[in-house]
């Protein structure tokens with residue numbers, strides 16, 4: 001074209017020669033003869049992609065405008081087979097207006113096939129209030145055969161972005177298996193279809209991870225929530241159009257209507273949306289490849305459960321429907337997926353800012369974080385008018401890398417360039433909370449709410465910040481607003497946790513149960529209710545809820561961890577070990593699980609295993625105060641006093657408000673007869689937790705040893721007031737009364753201690769002493785005999801011998 005440089009000529013017809021391996025009579029010979037008649041050139045776009053950026057700048061060369069790309073995965077083995085299975089059931093849907101989408105074959109009757117797709121693929125209109133445009137559509141199957149869509153067969157459902165269409169063919173095409181179940185958080189899934197990339201629509205099969213439905217709706221930055229009464233859960237909530245699935249696999253326009261597949265190749269959802277933002281720079285003419293929008297965030301789909309709920313109204317049914325979740329992938333399968341992700345060839349050539357944004361988002365979704373940062377930095381360097389999106393994308397990556405301070409700095413740049421960008425304020429609040437900078441987190445989320453007051457997720461985030469600040473009333477106001485806007489299971493569960501923190505047991509229980517009623521597959525609600533039952537010592541109910549949470553999500557590490565704690569409380573050591581070990585297998589970097597497994601080993605006197613776990617916990621998290629305290633307890637049990645003191649002191653240095661560490665250090669000081677130091681530590685533990693019954697009891701013992709009878713009595717009485725079933729405190733108070741010659745009071749306390757704990761040998765011994773002093777020798781002997789038998793059964797031979805000597809002497 002005049003005035004435009006289009007290609008650089010490089011090859012002429014004489015340049016092509018036969019290579020030594022090509023025979024002149026081979027099937028390639030004719031092709032080579034044709035190629036000799038042609039000239040060859042390199043597109044300038046290709047040249048501009050590859051030259052050094054500084055050369056572009058020096059010569060004022062334009063940035064190449066290239067078509068959007070979705071990297072093709074190099075798949076072999078079971079993944080290759082899965083892709084072929086997906087290709088057999090997926091069709092391309094072309095419109096006469098040059099657009100296209102995708103769909104899946106869900107039924108066959110005679111020579112008529114039914115295709116499930118997104119409604120906006122076959123009902124093109126500006127918004128859902130308008131009637132569908134009068135366009136003609138054509139189906140392209142995997143074997144490149146084309147079939148007209150019967151216009152009368154197009155069926156859509158108001159409020160749901162799903163549709164079915166029909167075509168006729170004498171060919172035998174595969175019918176998709178639909179899987180009607182809720183995906184588990186962090187499962188690998190796959191998407192497929194025919195993305196519109198410039199003038200082409202090549203087949204693409206991509207992989208990523210999916211959120212559980214509740215977690216996905218909490219994670220999305222979209223805000224168009226609505227009640228969805230079409231699915232199997234009548235009170236479930238979704239985004240406009242029925243979108244509930246949120247996942248990371250790379251998608252693009254043209255893949256709408258295509259399948260979201262599980263690891264068995266079953267369709268769990270229909271893809272239809274992606275999170276995106278406007279990105280137009282009029283100065284340089286950069287408007288991206290999607291009508292001025294770029295993808296920043298996740299992809300969105302509609303679950304198969306929604307289709308099942310409206311299938312009758314669409315006049316069709318899925319021919320193959322299953323309800324069982326996909327089995328867990330083995331280690332080899334997972335490694336093959338990770339290898340495929342690393343093989344995805346994301347271009348690194350020169351590009352416009354919007355193209356760098358798209359690349360950065362793709363690399364972020366692929367968990368290739370360093371490359372993603374480089375892509376977003378490349379966009380920032382070009383200083384587009386939408387530079388805030390590049391900073392935002394970079395902030396998301398840094399957050400994933402746990403570079404929280406760097407992430408905050410980048411989000412600050414985001415809102416500097418675009419102060420009304422809600423998503424950046426929200427992300428900033430989330431990161432500030434991770435840094436425990438709660439005042440800043442509150443400021444950021446309040447700004448987000450000010451800009452978008454109808455987004456329930458923002459109020460949910462505000463709840464967590466206020467809960468951390470123990471501003472429970474304000475937190476309740478925030479979560480109530482979220483529930484008012486969109487009464488989802490996750491919000492009820494989170495309000496339940498707020499009530500739980502305040503020990504409002506009945507309100508918490510009601511909310512957890514409500515969450516389960518809304519979504520019976522919501523594992524977190526069972527987990528939270530299990531925690532409530534655990535705190536109430538309702539062991540069987542807690543166990544049932546933890547087990548249900550694990551059944552829903554077999555990779556729920558926290559549920560295994562807390563069920564392990566429950567078994568530990570019940571002294572079911574072997575079961576506790578199994579659960580802790582499973583939690584570690586799921587998340588090998590969870591320091592607290594190692595620390596708690598160490599406690600079990602210590603209780604079993606497996607000192608070396610316990611020590612290894614405590615040490616591993618400290619390696620993972622050197623600031624985990626509980627690990628130092630637990631190792632201190634191990635050293636204490638081994639009578640390694642100095643090592644125990646050092647660990648307790650370290651735990652206190654990490655967390656000066658760690659009451660249990662002061663308490664345990666106080667015990668060491670007591671055993672060393674360092675009364676003043678013991679008193680100071682028990683007093684500090686009480687100051688931190690005024691309801692710490694054991695600390696009052698132990699301080700009372702120190703006072704008793706110092707013959708401070710009134711102070712000792714006051715502490716034992718306080719311990720009993722806090723815990724009326726505290727047998728040790730009754731026994732200790734009985735000792736004080738005995739020393740004060742308050743025989744009746746002493747007898748009453750010993751008797752109460754025995755009533756609470758009939759195996760309490762020391763209480764029988766003390767009660768025998770009082771009866772003997774009062775002259776009730778026979779009753780005294782009975783108590784001492786009982787004490788002796790209990791000590792013998794408990795393996796305390798020294799105390800057994802001591803009491804037997806008393807009995808011998810008294811009988812003389």
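The values are calculated or read from the model by the stated rules, or taken from the named source; none is laboratory data. Not measured: the values here are computed from a predicted model. Backbone-built Cβ (ideal geometry, glycine too); neighbour counts: all protein chains shown.
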Some residue of the range 359-379 being surrounded by 24 or more Cβ atoms within 10 Å (Cβ to Cβ), closer than 30 Å to residue 469 by Cβ and touching a residue at least 40 places away in the same chain (Cβ under 8 Å): no
Within the range 422-437, tally of residues that are buried (at least 17 other Cβ atoms within 10 Å of the Cβ) and either under 17 Å from residue 397 (Cβ atoms) or assigned by TED's automatic domain parsing to the domain that holds residue 223 (or both): 7
Subset of the range 703-741 (residues that are in contact with a helix residue (DSSP H, G or I) (Cβ under 8 Å, 6 or more places away or on another chain), surrounded by 15 or more Cβ atoms within 10 Å (Cβ to Cβ) and not in a helix (DSSP H, G or I)): 723, 726
Test: residue 790 is in contact with a helix residue (DSSP H, G or I) (Cβ under 6 Å, 6 or more places away or on another chain) and over 30 Å from residue 711 (Cβ atoms): yes
All positions within the range 691-702 that are under 17 Å from residue 656 (Cβ atoms) and part of a loop (DSSP other than H, G, I, E, B): 692
Subset of the range 630-644 [in contact with a helix residue (DSSP H, G or I) (Cβ under 7 Å, 6 or more places away or on another chain) and free of Cβ contacts under 8 Å to residues at least 24 places away in the same chain]: 635, 643
Only one of 315, 349 that is part of a loop (DSSP other than H, G, I, E, B) and at pLDDT 85 or above: 315
Qualifying residue in the range 334-343 (condition: modelled with pLDDT of 90 or more and farther than 24 Å from residue 554 by Cβ): no
Residue under evaluation residue 304, criteria (1) over 23 Å from residue 205 (Cβ atoms); (2) modelled with pLDDT of 95 or more, criterion not met: (1)
Residue that is within 30 Å of residue 608 (Cα to Cα) and either touching a residue at least 24 places away in the same chain (Cβ under 8 Å) or not assigned by TED's automatic domain parsing to the domain that holds residue 771 (or both), where the choices are 712, 627: 627
Only one of 245, 218, 197, 239 that is surrounded by fewer than 24 Cβ atoms within 10 Å (Cβ to Cβ), closer than 30 Å to residue 357 by Cα and modelled with pLDDT of 90 or more: 218
Criterion violated by residue 410 - all others in (1) without any contact (Cβ under 8 Å) to a residue 12 or more places away in the chain; (2) more than 23 Å from the chain's Cα centre (by Cα) satisfied: (1)
Options 77, 101: the member that is in contact (Cβ under 8 Å) with a residue 60 or more places away in the chain and within 25 Å of residue 245 (Cα to Cα): 101
Which listed residue is in the same structural domain as residue 171 (by TED's automatic domain parsing) and either crowded, with 20+ Cβ neighbours inside 10 Å or at pLDDT 85 or above (or both), from 134, 85: 85
Meets criteria (in a loop (DSSP other than H, G, I, E, B), buried (at least 17 other Cβ atoms within 10 Å of the Cβ) and touching a helix residue (DSSP H, G or I) at 6+ places or on another chain (Cβ under 7 Å)) for residue 75: yes
Total residues in the range 360-369, condition in contact with a strand residue (DSSP E or B) (Cβ under 9 Å, 6 or more places away or on another chain) and part of a loop (DSSP other than H, G, I, E, B): 2
Tabulated pairs, the range 672-685, first farther than 20 Å from residue 656 by Cβ, second in a helix (DSSP H, G or I), C-beta under 7 angstrom, 6+ apart or interchain: 672/641; 675/702; 675/705
Strands (runs of 3 or more DSSP E) wholly inside the range 144-184 that include at least 2 residues being modelled with pLDDT of 95 or more: 146-148, 160-168, 177-179
Subset tally (residues that are closer than 22 Å to residue 181 by Cβ, surrounded by fewer than 23 Cβ atoms within 10 Å (Cβ to Cβ) and over 18 Å from the mean Cα position of the chain (by Cα)) for the range 521-557: 2
